[in-house]
Each structure stands twice: as C-alpha cells, then as structure tokens.
Amino acid sequence: MPTVTPKDQVEDRNYRNSWYAVTPNRLLVTLGALNEEINCDICVIGAGFTGISAAYEFVQKGYSVTLLEAKNLLDSSTGKNGSHLLRGYQLSPDHMAKKYTPGNARMLCNLTLEGLALIVGRIAKHEIKCDLKFGHITTALDRDNISTIIKRIKEWNKLGHTDMQYVSAKDIPAYVDSKKYAGGLYDPKGAHFHPLNYALGVAQTAQTAGCKIYDETPVVKIEPGATVKIRTQQGVINAKFAVLSGHIKIPGLPKLGQKILPAAMPMLATQPLDSRISSKILPKNTAVSDMCGIMNYFNLSNDGRLLFGSICPDIDLQKRMTAIFPELKDATIAHRWNNPMDFTLNRMPHFGRLSDNIFYAHGYCGQGIILGNLAGKLMAEAVSGTAERFDVFARMKHLSIPGGDAFKKRLLAFAMAWHRLQDTLL
C-alpha cells in the first residue's frame, strides 16, 4: 500500500527546499564529515559563493586547500540564493565617489564588472551548464523612479560604463509586460542563471585540481597563531591561512556578526507556466528587479517557472506576484524557501583580517553572487602578496549594530515597516 505524505509535510518540505536545490545537474562527491587531523596551506570555512570561489582561486595558484561546509553542500546558501548577476552596489556611483573618492569609486564599480566576467569566464572555460541568460532590467513605478534612473545612467556614464540603456513606458512591455511599470534601466551585461549548478561546477573543478571538500563539518573553534588550528566536531585542521566566508559564528573570535544585519528573504517558484503566458510576461527572458520600497525581483527558469523573491521577510509573495502579473492568479506555487542575506549599515561589503593569516568577507547586501565570487579572488590575491584591491574594501569603516539577535530582528522589522509604508504611498 503506498505511503501518503500529509499535505502540511509536503508544504514544509517545499518551503525548506528551494527549486535550485532539487534541480542539481551534477553529483559532487565530498569527503563527508572530517574525522581526523590534517595539514594544509589554506583552510576555507563556508561553501557559499565566497568560499567556493576562494577555494578555486587558491588551488589554481598551487596551494593545498581544504574547504569546509557545516551543512550538506546542496543545503548551502548557493542553493537558496537569488539568481541575478548585476554590476554595482547598494550605493550609487556618485555616492561612492563622494565617500571613497572618484578614483576608488571607478575602481570599485569596475571590480563588479570584473566579478561578472570572472563568473562568465569560468562557465565558458569549464563548460558549466547553469542556464546563463544575459539581460537585466530595473523597473520604475513612477516619475520619481524615472528621474532616478536617468540620473543613475549619467553616473555610470561618468565612470565609462556607457552601455546602460533607458527604457521608456512605451517600450517596457518588450521586457516585462506589466501595467505596474512606467519605464526602466536595461543592463545588457546583467544576467541570471542557476546559482547552485554554477557553484557545483566551480567546486568540482577545484576538487579535481586537488581541493579537499568536507561537508557536514561545522567549525567549533579557531585558534589563531602562526599556524591556524581549526577544530571541528570530530577533527582538526592545521593551516597556514584561514578564510572565513559569509556570516560565521565561531567561539573565541571577534564577533563579525556585530557588523551585519542577517535576514532570511522569501522566494518562490511556480509550476512551469504555459509558454504563451511566460513569453507574454517576460518576452526577452530578462531578469527583473523593481524600485518598490520593498524590492521585488524575478525571472523565468529554464523550464518556464517564474522565480519570484522580495527583500522583506514574512511577506505575501503570491499577492505581490499577482499584483504585477494578474494572469498568474491561478498559478500553482511549487516551492517556497528563504534566501539568506547579510546587510551592513553602510551598504557596502565587509572585508578584513582578524590576524595576518585569517581573512574574512561577508555583508554583501543582496549582491552576494558577484561580490562573493570577487571576494574569493581578492582574498587569494591578498594571501599571495598582492593585497591592494582587497585593502580598498578592508579600509572601509563599518559601524557595529548594538544589541543581540532580538534587537536586530526589531531593527529589521522597523526598516521593513518603513519601506512598506513607502509602497502604500506610491
């Protein structure tokens, strides 16, 4: 007699498992949980984009590398992430020029294009099948948004990025067919892809080159010194350098979490849509993020699902999706999950050193795909003796967020309430 899974258990499973995590296109066989003492040049802790990118870059440079992930590799952040690749930061180019000098602003913005090229280059070089599609549009809701877009294009032009394109209200349906939007900014170099399949491809390439990958291996303690001792539940790693990727809480180290506001942002995936609907709502298969106070972002998967997310916890995604696309009111939701994000108060990533041989990078403010991959490369450069570009980020001042996790949740709730009010006034 067949086993019947209760409806609430099915919904819970679908909530926890992203569409990406159930559609990997390759098997990566790890070494499982570490249960011995080993030595290496570099120990990378955390197998998100930063960690996988760092492991790849270090092993290409000839270092012996060990990569640790606390969870199963398929359950890491790369399997829950949004899929958009977009140049820039949370701060506008002009704001960055005032804060960090025009020269540094130009370099920082160019670095995000380099990060994008880094990803595209790896995909091509290693033939990673991850459904890469070019084209991203930021959509405006009103005249104020249009003014901001025109200003932003001029700012990018001053930095030499002259390929950004203004999209009028008349032309916006060619990119996203919704009455909600009054225009947009089209970035031809922006893109979307399957983030987990990309990450698995890079990790497998690093593994083939000699990187040892252990998952189900949480780190319980790090002991700084000339040789860094990383203790796990059942093993020990002695490394010349350690790299902390992402928001990692480890006893005995300075509390890096004081610099960030962590959040779990909701995403969903519909069942595959009828091709007549999918080709109508997103005719060019473009990735979209809008300028709502609480931003929505979405794109089509390779099998015709709408993948839809927001930067506000505990929000009705389906209601927001159908407000943009009324034709999806009867669409079945196949998966729901939470996309982990880390925000800093100054809206720039948090890079640095805990000692001469312990590096960290996190706090990407929703742009972790490009910035995380870039951080992995910059940390490999710094360890190899070329730290100038890493140090541009490391010199940025970051305010601490007072209080514990409970206060951070209240602070996040207050910020989201303010942005929701802005949305209702539009």
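Values quoted throughout were computed directly from the atomic coordinates according to the rules given, and no laboratory measurement underlies them. Computed from a predicted structure; not experimentally measured. With ideal geometry, Cβ positions are generated from the backbone for all residues, glycine too; neighbour counts draw on all protein chains shown.
Side notes on the structure shown:
- Scanning segment 312-369 for residues that are more than 21 Å from Trp19 (Cβ to Cβ), of a type in the set (Lys, Arg) and touching a residue at least 60 places away in the same chain (Cβ under 8 Å) returns a single hit, Arg347.
- All positions within segment 217-263 that are surrounded by 14 or more Cβ atoms within 10 Å (Cβ to Cβ), touching a strand residue (DSSP E or B) at 6+ places or on another chain (Cβ under 8 Å) and among the small types (Gly, Ala, Ser): Gly235, Ala239, Ala242, Ser245, Gly246, Ala263
- Among the candidates Tyr175, Tyr181, Tyr214, residue that is buried (at least 20 other Cβ atoms within 10 Å of the Cβ), within 30 Å of Leu28 (Cβ to Cβ) and in contact with a Ser or Thr (Cβ under 8 Å, 6 or more places away or on another chain): Tyr214
- Checking each residue in segment 226-257 for being within 26 Å of Pro349 (Cα to Cα) and not in a strand (DSSP E or B) picks out Gly246, His247, Ile248, Lys249, Ile250, Pro251, Gly252, Leu253, Pro254, Lys255, Leu256, Gly257.
- Leading residue by the ranking (farthest from Asn338 (Cα to Cα)) among those in segment 33-78 that are buried (at least 23 other Cβ atoms within 10 Å of the Cβ) and acidic (Asp, Glu): Glu57
- Considering segment 317-362, the residues that are touching a Leu at 6+ places or on another chain (Cβ under 7 Å) and among the hydroxyl-bearing types (Ser, Thr, Tyr) include one that is nearest to Leu374 (Cα to Cα), namely Tyr360.
- Within segment 79-132, if we keep just the residues that are among the acidic types (Asp, Glu) and under 20 Å from Asn25 (Cβ atoms), the residue that is surrounded by the most Cβ atoms within 10 Å (Cβ to Cβ) turns out to be Asp131.
- For segment 336-355, a tally of residues being assigned to a loop (DSSP other than H, G, I, E, B) and buried (at least 22 other Cβ atoms within 10 Å of the Cβ) returns 2.
- Residue check for Ala323: over 26 Å from Gly88 (Cα atoms) and assigned to a helix (DSSP H, G or I): yes
- Selection within segment 135-160 - more than 27 Å from Leu300 (Cα to Cα) and among the charged types (D, E, K, R): Arg143, Asp144, Lys151, Lys154, Glu155, Lys158
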